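Following: one structure in structure tokens, then a few remarks.
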Amino acid sequence: MAGALAGAGIVWQTPANPPEAQDYIFRNGRRYVRPYYFEFISHAKNRWAGKTIVDLFTDEFKGRPREYYVHAVKCGRLQVDEQMVEEDYIVKSSQKISHFLHRHEPPVLGGNIVILQNEVDVVTVCKPASVPVHPCGQYRKNTVVGIMEAEHGLTPLFPVHRLDRLVSGLLIFAKSAERAECFRQQIEANLLQKEYVAKVVGVFPEGEQTVDANVNFNAREGRSTVEVSNGPGKALPSGKQACTKFQRICTDGNHSIVLCKPVTGRTHQIRVHLKHLGYPIANDELYVSGDFCPRSSKGTSIHRATSLACSLPSSDPDNGAEADLEFGIDPMCTNCPNLAPVGYDGNEEGLWLHCVRYTGPDWCYECPYPDWASLDNVSGKKMKSDVPPEN
């Protein structure tokens with residue numbers, strides 16, 4: 001980093017800096033990451049070439065206002081090929097662009113990551129809902145991989161399979177690249193069986209229900225759709241082939257607990273196949289109704305009356321001192337003095353979808369059922385059980 005900022009006593013982290021236990025703050029049942037200074041590195045794409053550095057960031061990274069990027073260039077927090085540039089600098093393809101910023105990660109649910117089995121070359125955990133498996137997007141330390149390293153010293157870890165961020169349950173990690181490759185070969189040979197439980201709307205039908213319908217994931221909208229053939233002579237459905245088998249475990253007349261066995265592994269496959277059957281996961285905002293607004297689009301417009309060059313908060317104990325004691329406030333940061341980034345209110349809950357079992361040729365790993373999958377409903381009335389849980 002350029003000398004002016006380095007001399008200010010700022011320590012800039014990169015992906016090479018490991019997470020540590022003291023990086024986390026717990027508030028109101030949520031796990032936050034203490035904001036930290038971080039160097040984001042990217043290489044200019046072809047479509048970025050020809051734009052000014054300010055226009056580029058204003059167009060591509062809309063979470064901050066144009067005025068922020070103008071000030072960041074002037075202060076050296078936006079650099080090209082490790083050099084400070086003017087705000088009208090024209091970016092060329094493949095150039096290294098560094099964005100030095102005060103990083104705020106989104107909060108996740110504050111539950112512990114319980115280690116289920118810790119073997120020589122494999123570790124399995126019960127993943128809490130809302131926690132991503134590995135670094136992605138705005139998440140780096142607030143991930144299962146990051147927390148396992150910070151709190152248990154387990155690294156490196158190689159995820160054997162994926163779970164969506166809002167899904168909880170069994171997660172398997174290999175401790176070596178060789179063991180991970182063994183799992184990969186078994187997955188490619190279709191030698192694994194996967195089992196989940198879900199809490200769905202309504203009385204799910206008795207007997208095994210099979211959905212064999214293509215799943216088409218729209219990355220821009222962040223959701224999947226089911227597409228089926230309309231008969232001979234009709235256009236073939238797009239998307240990827242997908243098959244899921246379902247069986248009701250129990251019902252109370254309003255909701256049902258359903259065992260889900262995905263034969264394939266498409267994005268949101270279980271969720272969208274349940275919706276296709278007419279029994280969506282009961283708290284799945286994305287598929288229960290069509291009025292869902294992705295969280296990533298919330299709060300992207302920043303309304304701040306203060307200048308980007310604002311002074312540090314007062315040390316008056318009645319004026320935000322609590323936040324100042326737990327983490328440093330950056331005068332240029334568009335998220336300070338809040339812990340969470342703009343648009344994240346900390347009220348997100350997990351889906352009622354939980355991975356309970358993975359079985360391979362000569363191994364089986366399991367995870368306990370979640371509380372919401374209890375056979376007793378909230379009124380205490382015994383639910384009708386069709387398939388007793390094996391856990």
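Throughout, read-outs are computed from the coordinates displayed, never taken from laboratory work. This is a predicted model, so every value here is computed, not measured. Ideal geometry is used to build each Cβ from the backbone, glycine not excepted, and the neighbour counts take in all protein chains shown.
If packing is taken as the average count of other Cβ atoms within 10 Å, what order do 198-205, 336-343, 176-183, 254-261 fall into, highest mean first? Intermediate values should be presented prior to the final figure.
Details: 198-205: 20.2, 336-343: 17.8, 176-183: 15.1, 254-261: 21.8.
For the peptides 198-205, 336-343, 176-183, 254-261, the packing ranking is 254-261, 198-205, 336-343, 176-183.
Taking θ = phi - 60°, what integer Hz values does the Karplus form 6.51 cos²θ - 1.76 cosθ + 1.60 yield along the stretch 152-162, in sequence order, with x for Gly and Pro?
Using θ = phi - 60°, the values come out as 10, x, 8, 6, x, 10, 10, x, 7, 8, 10 Hz.
Taking H as built 1.01 Å from N, whose amide H comes closer than 5 Å to the amide H of E105, not counting residues under 5 places away?
V33
Whole-Hz Karplus ³J(HN,Hα) for the stretch 125-133, in order, using 6.51 cos²θ - 1.76 cosθ + 1.60 and θ = phi - 60°, x for Gly and Pro?
Values per residue, Gly and Pro as x: 9, 9, 6, x, 5, 5, 9, x, 6 Hz.
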